[in-house]
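Okay, so here's the structure we're looking at.
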Amino acid sequence: MIQIQYISKQYEQTTALKDLTLEIPAGKIFGFLGHNGAGKSTTLKCLTSIIEPTSGEIFFNDLSLKEHRHEIKKMIGYVPDTPDLFLQLSANEYWQLIRAAYEIDSVQVINHQKELIALFDMNDHVDETLNSFSHGMRQKVIIIGALLADPEVWILDEPMQGLDPQAAFDLKALMKQHVEKGKTVIFSTHVLDTAQQLCDELAILKKGELLYNGSVDDLLAQSPNESLETIYLKMAGRLSQEGHLLEDVEESHES
């Protein structure tokens, strides 16, 4: 289980996160939803130690991230919100770097890498540089690297962005398989259909604050005649409770 306790992140005059508190259970797919600037990427970067929260605590299986940072990092496979990393390296060189960082160069890992390369249709491109790849191909390289160690926790920031339909389908299947082994997947998305299809639980953020934390089923049950899109937009977007755009409501009040 991952516990986020009163996490805040301040950038000068901007509050990216405000007292975020929630629990992410093991063996679940957990999604973060929210508009741009809601705090999704900031939360994931706090979990992966890329940025340090201004205040608050994070625990992985009761281990403090502050005190056990190196140990916890080895539990995590991370896909950032942009795949524009290590562009001078070939795909193979990037995966070699990841294996060295995780200290995993066993035959089993090499075979797993070959399986992932075949799955994501990258066999003909392993010796080409990331700089020569499209966004989607770079994304595949980063995803393969994140999955190599079969880590306890996958943290994926907008992982479907740029993927072709087959690769997106395959990644979703891998996410489901991962939690079937009792492990954890955390991901952010703007695509509500993807969230509804995959998530066991989700958190909805708006301007750094938590609006909802719970299961998709419970959220839908609160408004049984409405879609997830409508529910989400009423909570985080610009729909009134009656389903009108707030701009339209304001105009009607002024007229």
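The values are calculated or read from the model by the stated rules, or taken from the named source; none is laboratory data. This structure is a prediction, so every number in the text was calculated from the model and none was measured. Virtual Cβ from ideal backbone geometry, glycine too; neighbours counted across all protein chains shown.
Structure notes:
- For the range 160-174, a tally of residues being in contact (Cβ under 8 Å) with a residue 24 or more places away in the chain and out of contact with any helix residue (DSSP H, G or I) (no Cβ under 9 Å at 6 or more places or on another chain) returns 1.
- Taking the range 27-50 as the range and being more than 20 Å from Lys206 (Cβ to Cβ) and either among the β-branched types (Val, Ile, Thr) or free of Cβ contacts under 8 Å to residues at least 12 places away in the same chain (or both) as the test, the residues that pass are Ile29, Thr48, Ile50.
- Yes/no for Lys9 being basic (Lys, Arg), at pLDDT 95 or above and closer than 19 Å to Thr184 by Cα: no
- Cβ pairs under 7 Å, 6+ apart, first in the range 114-143 and closer than 17 Å to Asp170 by Cβ, second among the charged types (D, E, K, R) and not in a loop (DSSP other than H, G, I, E, B): Leu119/Asp170; Phe120/Lys140; Phe120/Asp170; Met122/Lys140
- Meeting the requirement of 3 or more residues that are among the hydrophobic types (A, V, I, L, M, F, W, C), the strands (runs of 3 or more DSSP E) wholly within the range 1-99 are 2-11, 14-24, 29-33, 55-60.
- The residue of the range 66-113 that is surrounded by the most Cβ atoms within 10 Å (Cβ to Cβ), among those that are under 20 Å from Trp154 (Cβ atoms) and among the basic types (Lys, Arg), is Arg99.
- The range 157-174, residues that are outside any loop (DSSP other than H, G, I, E, B) and under 15 Å from Phe32 (Cα atoms): Asp157
- Subset of the range 209-226 (residues that are touching a Lys or Arg at 6+ places or on another chain (Cβ under 9 Å) and under 25 Å from Gly27 (Cβ atoms)): Leu210
- Within the range 100-126, tally of residues that are within 16 Å of Asp150 (Cα to Cα) and either in contact with a strand residue (DSSP E or B) (Cβ under 7 Å, 6 or more places away or on another chain) or assigned to a helix (DSSP H, G or I) (or both): 15
- Check on Ala221, aliphatic (A, V, I, L, M), within 26 Å of Lys176 (Cα to Cα), at pLDDT 85 or above and surrounded by fewer than 18 Cβ atoms within 10 Å (Cβ to Cβ): yes
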